[in-house]
Structures are given as C-alpha cells and as structure tokens.
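Since the structure comes first, as structure tokens, the remarks are kept for the end.
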Amino acid sequence: MSLKDMRRSRLGFLRALVIAGRSGRVTRRYPYEEPLVTSDFRGKIDIDETKCIGCGACVNACPPNALELINTRDGYVSLRYFVGRCIFCWRCIDVCPTGAIKGTREFELATNDISDLYDIIVHEPNRCRECGKLFSTKRMGDYVVTKSPLVENYVDLDPDCRRNRFLKAIENRFGGRVG
Amino acid sequence: MIEYLVFSIVFIALSLLIPPLMDGIERKIRARVHSRIGPPITQTWYDLLKLFEKELVIPEGGLHIIILSLLYVMLAILTIVFTVSMVLMGYHYVLIVIITLFLFVQAIFTTIPFITSNPFAIIGASREVILALVNEVFFVIILGLYMYFTGSPGLLLGSTSLLRASVILLVITLFVSAYVASGRIPFDIAEAEPELASGALIEFSGPILGIFMYSNFIKRLFVKLVPSMLILLPFISNWLYLLIGSFIMAIILWILYGLIAALLGRTRVDIAPTSILKIYIPFITVSILLYLTGY
Amino acid sequence: MDAISKYIETIKAVEPRADIHVSDDTVYATVSSSKLRDLAKAIYWDMDCFFRTCAGSDERSINGFYALYHIFGDDHNGLNIVLKVYADPNNPTLPSIVDIVPAADWCEMEARDLLGIEFSGRKQYRLILPPYWPKDLYPLRKEVSYDVKPQVIISSEKVGFWDRTSAGVAIPIGPYHPALHEPEYFELYVEGERVVDVRYRGFHVHRGIEKLGESKLTYQQVNFVAERICGICGFEHSVCYAQAIEKAAGIEIPERAKFIRSIVLEVERIHSHLLWIGVAVHLLGYDTGFMHTWRIREHVMIIAEMLTGSRKTYGINLIGGVRKDINEEKKQRVLDVLKIVEKEFTELVKTMVDVPQIMKRLKGTGILPREDARKLSVVGPTARGSGLDRDVRRDLPYAAYSYVDFNVPVYDDGDNLSRFLVRVDEVYESISIIRQLLDQLPQGPIMIEEFDIPEGRMAVSVVEAPRGEDIHFVITGRGKPYRWKVRAPTYQNIPALRVMLRDQPLADAPLTIASIDPCFSCTDRVFIVDKNGYKKRLDPILYRWR
C-alpha cells in the first residue's frame, strides 16, 4: 500500500468530515454509563475463607507480593491480600489447590481509607500435641490427611517434634545416638 | 445621542463577552470533528477566570513584562471599542484608525516574548515576526488599496460603487488574511505546543497568561469584524444594522474557520510565508489589473 | 550447517585456542581478550553480521572472573554468534571494540557503570547511573543487594553541561516536554531554526529490573516483570524472556501455544503502530488524525482484552506455554474486528496523506543515510526505512512465524515519510498474518506442565517488537535466572538520532525523535536512583517490591 497506490487529491482532507460524521461521538459518559469491560476482564480476586487452607501456594506464585502470610497474633497465621500491590494476573487462582480464590471483574477500587484494600483471612493454627507450640493451620493439616492418610500419625506434631521423633526412630532402629 | 451611547455600550459589552464564548463553541465543533463530546461552551470563560485566580509569577525579564502585557490588553480592548463606536458614529477616517491600532497591537504581541530570555519564547516570537512580516504588511497593503480604490479613508455606507470586481477581490483576500492573523492551525507556529512547549507564551502563567489569551480572543473577533463590515457595506444603509450584520457574519466566520482549522496540520516557519504569498500576490495583482481596466 | 562451520573456521583462524560450542542457532566462542578486536572486525565487517548487544556478567561465584558477552547476529543465515571474554576479578579491563563496531558504544558503558569493567582504547563516560552515584558501588555485582540505598548528595545537571561542538543556543527538550510521553532529555544546539548538534541524556526511568530478575523473583514470576518493561510493547518482552528460558532449558512448547503467542504478538504490533501514527500526526498539529487513529485502535484494544484478559500487560505468558485459550467465538470476533480495522484504517490513511502540511513536513526530514544505519546497527522500522532489509520474524523465525507468509516493507529514502510508510504497511501485513494464523490454528494443549530448568545454560532469544529487534540473553541459575540481560530496540536506535537531527529545522525535531518510536521505558532498565530526573528527593519506595 505504498504512496504511489494512493490517489491523492487537493481537497482530500475534507474526507475527515465524512469519517467524523459516520463515527458519531464515541466518548463514553463514564461514570454515568457503563464502562467498556469485556467478560474476560481480570479484576480483583475474591478469597473464599471457607475453602482456603493457608498453604501459601498463592503467596509463592504472586509476583508483586500482594498476597502474604503474616502473623496476626502470636502463632496465628493469616493470609493477607493487599489490592494496592495486586497486578491482577490471577496466578494465585491458577495455583490454588482448593480453588478458594475466585476472579471478579471489579476494578473500581479507589478509596480514601487504605484499610479497605486489605483482605485478611485468619486461620486457626495447629497445636502440637507434644510441646503445645502453634504452627501452620488446622485446615492445612486436614487437607494433607485427605491427600495422604498415612500422615495422620504426625500431622499434629510441629516440625521440630516431628524431626525429633524421626531421629529417635532411627536411633531405635539402628542403634547408637544421632546428634 | 442617548441611543448612540446605549448602542455603543451594548456592542462593546458584547464584543468583550462573546470571544471566549465563541472559542468554547469552536472547541465543541473541533470535538465533533474528532468524534468526541468536548468541553461545555462556557469552558473557555471558566479557564480564564481560573487563571486570574492563580498567583502572579513574575516571568524572567522582570516587571516591565507585566506592564507591557497590561498595555497589550488595553490596546486590544481599545481597538474593539474604537471600531464599534466609530462605526456607529460614522466617523470619516475609521479605516486609518483601525489599521494603526491593529499594527500597534501586533507589534506589542511580538515584542514581549523577546524580553524574556527563554529560548523557546525567543524562537516562538521570531516565528511570529516572520509570519507577521508577511501577513500584516499585506493587511496594510490591502486596506490601503481599498481606500485608494474607493477614494475614502472611511466606510461608504450603502454605496453601490463598492460592487466592483477589484474591490470585492480585495475584500476576499482580507478574509484569508483574517484567518492567518487569528493564529489557528495551520498558522499557530508561534505557540506550537509539541514543538516549543507553548513557544511565545511559555513564560506566562496565571493572570498574565489569562490576559494574553483574552487579548488573543479579542483580536480574533476584530480581524473577522473588519472584512465582514467591508463585504456588507454595499447592501446596508444604516450604521446600526451594519454593525449587527457584521457581528453575525463574524460569528459565522468564526465557526467556519474553526472547522477548517480542525482539518489541517501545522505548517513550518519556512513553508508558511511562501504558502501565504502564493495566495496574496496573485489576488492583489489581479485586483490591481481589474481596477486599472476599469472594473 | 554450512554457515556455522564458516563461523567456526573464521574464529579459529584468528584465535586457534577458542573454546567453541554450538547450541541450536547460536555459536558460543570463549576467546582471549587480546584477540577480541580482530575477531570483532572479522565477524562484523568481513562476515557482514549485525551487532546485537553485549552483556557483562559477574561470574566470580562460578569461575572466579567477570565475563563479557558480545552478541552478533547473522540475519541472512538466522544465526547468533556470542563471543565470551573473561576479565580479571581484581582489575577488570577489556579492550573496547567501539571503533570497529560503533553500535557497541552504549552497552560497553553500561557494563562499566553496572559492573565496573573498564574498557581500554576509548573515551569512557557515565551513561546510566547519575553523576552523583558513588564511584565504587556497582549494582550488578553479586555482593550488592538489590535494595541497597547509598547515601548520596543529589546535584542537578545544568543545561549546556557538555562541551559543545559549535557555538549555539542550547534548547532543552525534556525531561518534561509536551512532545515526549516519557522522561528523557535531549539537548539541541540550535542556530536560529537549524539544529547543529544533539546530546542525549536518558535513563531517567531505570527500575532495577535486571537486578530484580536475578535476586528476588522465581522463573515464572519474571514473566510478569518482563511484561512491565514497556507499556506498549510489553508482551513481546515477556515472549522473548519465556523463549530464552525455554531455549536454554530445551523445553518444547505445544504448537497451539506458539500460535496463540504469535497472534497476540501481531495484535500488539497493530495497536502499537496505530498508536504511533496517531502520535506522529499529533506532533504535526493534526489532532483529527490523532483522535481517529486512536478510535480505530480502540477496537484492537477490546479484542486484546477479549483474548488475554487485560487491555495491556496481558499476563498470559508463562514458561512452557500460555494461560488463556482461543475458542471459535473469539476467533470470529477477531476476524470481524480485523475487517473493520482494515477498512477504516485505509480510509483514514488516505485522508491523512491528503493533508498538505503532513506530507510537506514528513518528506525529506530526519534523514538517516544507509551507511550510518549500517554502522549503528539500527533495528526495526528505523532500519527498514533506510533501506536495510532486516526483520527477525523472517530471518530467525520463532513461535509460529515459520508457518505464515508475509512481506517485509522496505523503503530507501530514510526520511520520516519512509518510516511512516513502513509502519502503515506493517499494519496490513499484521492483519494478514493474524488471518493466516487463525486459519491454521492447531488443536492441542496450551501449556506444558512438567519441565525442568537446569542450571548454567545460556540462550539468546530475539523477537521482532513493533520498534525493532528485542534481545533477551539469559544464563539460568537455581530457581531464578543467574543473569538476565534485556536490550530493547530503542536502545539501539537512539544513537542514530544524533545523525538524524543534524541540520534539521527545530520544528521537525520532536517529529524526528518520535519517528524512531522511542520507548524509553524499554531503554532504561537498570538501577534507578532518582525517578524524575532532577527532583531533589530520593524515592525509597522504588527500591523495594514489598
């Protein structure tokens, strides 16, 4: 479509009026009209607190660290979602094992109060039956047991106690002392 | 006498209030050509008033810039005031006064940016000088020839001797000159925003910018009033009706010019003079020939 | 294979002890620094290759040395040639090749600023980091953490800072200017309306992306950062990165994923060119053309959102494939929109070409002669507008481009009009490519789930962005890249501006600068101190992701 193919005329620029007349006015009177958002649009996410197990897969996948596992009280692990940092990539939805995260088409998220932008899901922690320390979440323990029933034996032991039991089992089996 | 005073005041008030409103209408038309909604018609007035509320920042170049800017706006207003009142009065030398005042206004407008030491302003002002050297000179030449052809330095109301081809051709050329002098695309090279970041006006902000912009609007009305009056002159026999007719025609011209400006691109300072001269020289030569051959 | 043996022969002829290995379409040669200049001359001039980029790397933790990789490209045969040299860890100095290969000017200075490798035999200057950055803090060295904040006294740089080549008034364009959409600084030395010299000082929007990719992110997360290198051509950066890792690790992605990547790449090209055409005519004062071009572009943005989930920063690329599929309904929508775009675009271009001021100001301005274009190895429409026939989609086919037929528009005049016409023609070519791709879309999965990325592999990946050829060079590490070097197309094109702006009227300067389609966010990628150029405040937020 080179220049030589286009026939040029002196008054050709008046064609702009024809183009303008045909297209009308394309301005969208937002917010008095609906914005042009397709059904595929990725907006903010919605975490279902009944399904979330606090495993942290979404935290690992999130590129800008909008999802974080924080401590709200001593030992209680919580999932915090900060919309301010979210890039709406929906990777968290891809990797969530229980499908607890749902994507919405919301993007009108501006607010004066920054606490509106935080969603915090507090999980009840597991309590170690030997030393009483709080670790991980109860739901995570239940989930792991459904996937692999064998672990029911030690799912309610915290990692240190678990390690000690394992070392003791090796001592008993092979003799000697393990440091 | 009282009538004359009342009409003068009414028309002066109109000519001071209408230009920003017309600019608002022009923006609406441009928006329609762009397929947009555009700002409301009163937006330009709102912008000017908002500018006057802002703090006064003395531009680089000192206090005399402010004084000169005030002089500029006073001259612009004076030009309109004199035009309106002299026409209503039927003053005999009205065309000469118009030319003088307009040249003063243009001279101050081009000089002020040179005093600021901003390189953008200097480049913008030098472009304006080049354009003015072509356009204003021909403005004077055309009006001078008009006065010579009609034999009077004033307006010959209702005179059918003005229906000669040479005179009409001169007035048509004046319409073109009015377009160039109004600082629209393609000839807004003095304030080319993408190239010079506002060029000649770059050092002005707040009330001073408001003054400049307002004066530019008044100038735009003025340059459209003059050819409108001249073209309607043969057909109207009453000064009042002449003024009313000229105003209406100036408003229509404003809309038309705005439409044309939306359809063209900006020219360049080396191309502009030649493209203008390509129109003026043929027209004026033909007009002189017509006059010499008796038409 | 024949071409590869020729290169191996050439390299061995100059440096018999070179350590060469070939991987896919790349020849890697480790050579000694004393033979570097002769090899550069042999490859760049005798074998008529183009220069892609050079990347410095801190490999002291692997082999105890600093390394510098010079990457050349042979477009006729679809090959990359990588020359690797080592530098002494205590006093890293290497010979400069800038007099042989003028295109290597910036990347050598970048390696100097960021890694501390000195180059002998040339004038060195600070390119990327601001002048008040501490002299011995080199951000890309492995011991420097990504969130270090040095104590600095910020000083501003004045206009007329550099020594002038001739007397004249210095006109600053930038960092804030109505013509520019991103902060950059051009100092034009003018006499009246004629530009006599140009200095460029950019890198105002460095964001620490290369360092971030090496320190804090995992392989899959870097895709999203790569997409945000640029706001207009982000997707091709993400494709280039994903392809580089896939090449290095030997991952073969499904065919359908390749097709979807190509389709979205071409959609991005159409939107980018329409954007540029609008901006170019806006700079000429023709706002009607600007508004209508962007109105047509809106259709393209909507189908981008429909295909990927977002109008820009699509986020569908992962290592191993893509995340979103195309069904029949979407395919039909895309074809309908393409028909509308083609019709309206043709009408609009015909109208714009009839506006007398546009043609007068585009023709004969901003000329880049062919020899200068060859010396500076410019890329993309800038190169094709000056008669260089280079297009990576045809020469080193990637994704699904080997399955489609398309023309590469080349114009010889080298002025702004040529570059304008190249982009207009490319819009039509892209529309045709998308139609062919949608027609041949194969069935199958869109992602590989299981794959392994071993450590210590290298790859060079080249993608044709709307602005030219984009290169990502990766060395894989454990769980994240060890070295990630991005050379965006505008980086290669900006040095050509100095040639294009000389002896031009000032009025055409913004248009000439815009005609290379500068994407300064792509160009500046490394460490940032000062977000706004001259603002006297160190912004702490930009160092940290958290």
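None of the figures in this text is laboratory data; all of them are computed from the coordinates on show. Owing to the predicted nature of the structure, the values given are computational and were not obtained by experimental measurement. Don't worry about glycine lacking a Cβ; one is built from the backbone with ideal geometry, like all the others, and counts go over all protein chains shown.
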key: Most mobile listed residue (A:Phe82, A:Phe135, A:Phe166) in chain A, GNM with C-alpha springs under 10 Å   = A:Phe166
Pairwise centroid distance, computed over Cα atoms, of segment C:171-210 with segment B:149-191, Å = 44 Å
key: For chain A, calculated [θ]222 nm from helices alone, where every DSSP H run of n ≥ 4 adds -39500 (n - 2.57)   = -7000 deg cm²/dmol
note = 1/(1 + (r/R0)^6) with r = Cβ-Cβ of A:Asp46 and A:Lys138, R0 = 22 Å, i.e. FRET efficiency to nearest 0.05, evaluates to 0.45
query = In debye, nearest 20: dipole of chain C around its Cα centre with unit charges on the Cβ of K, R (+) and D, E (-)?
reply = 1520 debye
request  = Arrange C:Val31, A:Val155, B:Val223, B:Val137 by Cβ neighbour counts within 10 Å, fewest through most, would you?
outcome  = B:Val137, A:Val155, C:Val31, B:Val223
message = For a Förster distance of 56 Å, can you work out the FRET efficiency between the beta-carbons of A:Val151 and C:Arg498, rounded to the nearest 0.05?
response = 0.25
ask   = Given the C-alpha centroids of segment C:16-30 and segment C:94-123, what is the distance between them in whole angstrom?
value = 22 Å
message = Let's see if you can work this out: charge +1 on each Lys and Arg Cβ, -1 on each Asp and Glu Cβ, no other charges. What is the dipole magnitude of the protein assembly as shown about its Cα centre, in debye to the nearest 20?
response = 880 debye
key: Per-residue Cβ neighbour rank within 10 angstrom, fewest leading, C:Trp294, C:Trp133   = C:Trp133, C:Trp294
Alpha-carbon centroids, segment C:386-461 and segment B:229-262: separation in whole Å = 58 Å
key: Inter-site label distance for B:Tyr93 and C:Ser61 at 7 Å from Cα along Cβ, in nm   = 9.1 nm
ask   = Using 1/(1 + (r/R0)^6) with R0 = 25 angstrom and r between the beta carbons of C:Met359 and B:Thr285, what's the FRET efficiency to the nearest 0.05?
value = 0.35
Global form of chain B, assessed from the alpha-carbon gyration tensor, a/c cut-off 1.5 = prolate
request  = Taking the dipole about the Cα centre of segment C:195-269, with the C-beta of Lys and Arg at +1 and of Asp and Glu at -1, give me whichever of C:Phe203, C:Phe259, C:Asn223 is farthest to the positive side.
outcome  = C:Phe203
query = Tally Lys and Arg at +1 and Asp and Glu at -1 over the other residues with C-beta under 15 Å from the C-beta of B:Thr83: what net charge comes out?
reply = +3
query = For segment B:171-295, what does the alpha-carbon gyration tensor say about shape, rounded, prolate or oblate, given a ≥ b ≥ c as the root eigenvalues, a/c under 1.5 as rounded, and a/b over b/c as prolate?
reply = oblate
query = Shielding of A:86-97 by partners, i.e. mean partner chain Cβ atoms within 10 Å per residue?
reply = 3
ask   = Average partner chain C-beta neighbours within 10 Å, per residue of C:28-41?
value = 0
Residues B:Glu26, B:Glu136 arranged by fewest to most Cβ contacts within 10 Å = B:Glu136, B:Glu26
request  = Once you have a ≥ b ≥ c as the square roots of the Cα gyration tensor eigenvalues for chain C, tell me rounded if a/c is under 1.5, and otherwise prolate or oblate according to whether a/b is larger than b/c.
outcome  = rounded
